[in-house]
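So the structure is just underneath, and the comments pick up after that.
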Amino acid sequence: GEDATLRVSRMHPFWKAPYTGTVAFTSGEIAEDVVQYLAMSEQTPASMGLSVEWDDEANCVKHAEGFLVTLLPGWTEGEVAVVEDNIRSFGAMEDKGLPRPEAICEHMMTELLGTFQLEDRVAWRCSCSKQRLLTAVMMLGKEEVMEIVNKKQPVDAKCDWCGSSLSLTPDEISTYIKTDEGKEQVQSGAASPRQLKLQEEELQMMPDAGQADWN
């Protein structure tokens, strides 16, 4: 109903605390209000279509179907225009009348995404590594890095995403700062352009952990 609210809590490996966004339902239609949440709270353009068939005799949901299309990093205006045209011509969900779940999925993906790649390997992984920890240590600056090496104490860290424990020995740090990339990073106190590009690509591939509930 229009008096309901949508609250979404999300956690990211680089966030100190979960992010929670709340918006009031304005239309009373779940699909429209979820799209509004994505636009207002997360600045993510999206389109959603939902359909539920109710069985009056059994007093339960017979089946439900829907789609959610969002833009990922790297999209172009041309790709957006194609998807928008496909969504406009897709029509109402309840008009499709497709009997099998797999047929529904195939039909929706083909009509909504057209010639785009429709299938890809799904992989759940974490991009944490000793290299990323080394990059983070280098950003402390030359003075602090040399202090760590001279104290001969390991640097320990725990990944907020997967919970893995990572450790760097003083010898590993000392060896790295002798490389060209390590010298550049420790002098500037920043990640090298190559490291920044790699981290950006890794972040684009990482899934967000999220939990949503309706009140």
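Condition check ((1) over 25 Å from Pro73 (Cβ atoms); (2) at pLDDT 80 or above; (3) of a type in the set (Val, Ile, Thr); (4) part of a helix (DSSP H, G or I)) across all residues:
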{"position": "Val137", "(1), (2), (3), (4)": "yes, yes, yes, yes"}
{"position": "Glu143", "(1), (2), (3), (4)": "yes, yes, no, yes"}
{"position": "Met146", "(1), (2), (3), (4)": "yes, yes, no, yes"}
{"position": "Trp161", "(1), (2), (3), (4)": "no, no, no, no"}
{"position": "Leu166", "(1), (2), (3), (4)": "yes, yes, no, no"}
{"position": "Lys183", "(1), (2), (3), (4)": "yes, no, no, yes"}
{"position": "Leu196", "(1), (2), (3), (4)": "no, no, no, yes"}
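Only residues in segment 38-65 that are closer than 18 Å to Leu6 by Cβ count as the first member; pair them with residues that are of a type in the set (Ser, Thr, Tyr) and not in a strand (DSSP E or B), Cβ under 6 angstrom, at least 6 apart or cross-chain, and list the lot.
From segment 38-65, the pairs are Leu38/Thr44.
Here is a list of conditions, (1) assigned to a loop (DSSP other than H, G, I, E, B); (2) surrounded by 16 or more Cβ atoms within 10 Å (Cβ to Cβ); (3) not basic (Lys, Arg), and Ala17 meets all of them except one; can you say which number that is?
(2)
Mind checking which residues of segment 157-177 are buried (at least 16 other Cβ atoms within 10 Å of the Cβ) and either in contact with a Ser or Thr (Cβ under 6 Å, 6 or more places away or on another chain) or among the hydroxyl-bearing types (Ser, Thr, Tyr) (or both)?
The answer is Ser174, Tyr176.
Can you tell which of Gly49, Gly114 is of a type in the set (Gly, Ala, Ser) and modelled with pLDDT of 80 or more?
Gly49
Among the numbered conditions (1) of a type in the set (Gly, Ala, Ser); (2) in a strand (DSSP E or B); (3) out of contact with any Phe, Trp or Tyr (no Cβ under 6 Å at 6 or more places or on another chain), tell me where Gly49 comes up short.
The failed condition is (3).
Taking interchain pairs and intrachain pairs at least six residues apart, which have beta carbon atoms under 8 angstrom, with the first residue in segment 164-177 and on the phi < 0 side of the Ramachandran plot and the second among the hydroxyl-bearing types (Ser, Thr, Tyr) and modelled with pLDDT under 90?
Taking only residues 6 or more apart or on different chains, the pairs are Leu166/Ser129.
Any residue that is surrounded by 11 or more Cβ atoms within 10 Å (Cβ to Cβ), hydrophobic (A, V, I, L, M, F, W, C), farther than 18 Å from Val35 by Cα and at pLDDT below 80 - is there at least one of those in segment 85-99?
Within segment 85-99, one or more residues are surrounded by 11 or more Cβ atoms within 10 Å (Cβ to Cβ), hydrophobic (A, V, I, L, M, F, W, C), farther than 18 Å from Val35 by Cα and at pLDDT below 80.
Check whether at least one residue in segment 30-42 is farther than 19 Å from Asn86 by Cβ and assigned to a strand (DSSP E or B), and report yes or no.
No, there is no match, as no residue in segment 30-42 is farther than 19 Å from Asn86 by Cβ and assigned to a strand (DSSP E or B).
Could you check Val122 against (1) surrounded by fewer than 12 Cβ atoms within 10 Å (Cβ to Cβ); (2) at pLDDT 80 or above and say which number it fails?
Only one criterion in (1) surrounded by fewer than 12 Cβ atoms within 10 Å (Cβ to Cβ); (2) at pLDDT 80 or above is unmet by Val122, namely (2).
Between a residue in segment 14-32 that is among the acidic types (Asp, Glu) and any residue that is surrounded by 13 or more Cβ atoms within 10 Å (Cβ to Cβ), which pairs come within a Cβ distance under 8 Å, given they are 6 or more apart or on different chains?
Sorted first by the residue in segment 14-32, then by its partner, the pairs are Glu32/Met48.
Residue check: is Val61 surrounded by fewer than 11 Cβ atoms within 10 Å (Cβ to Cβ), modelled with pLDDT of 80 or more and part of a strand (DSSP E or B)?
Yes.
Would you mention how many residues in segment 137-156 are closer than 18 Å to Glu181 by Cβ and either in contact (Cβ under 8 Å) with a residue 60 or more places away in the chain or surrounded by fewer than 13 Cβ atoms within 10 Å (Cβ to Cβ) (or both)?
0
The values are calculated or read from the model by the stated rules, or taken from the named source; none is laboratory data. Quantities reported herein were computed from a predicted structural model and do not represent experimental measurements. FYI the Cβ positions are ideal-geometry reconstructions off the backbone, even for glycines, and counts take in every protein chain you see.
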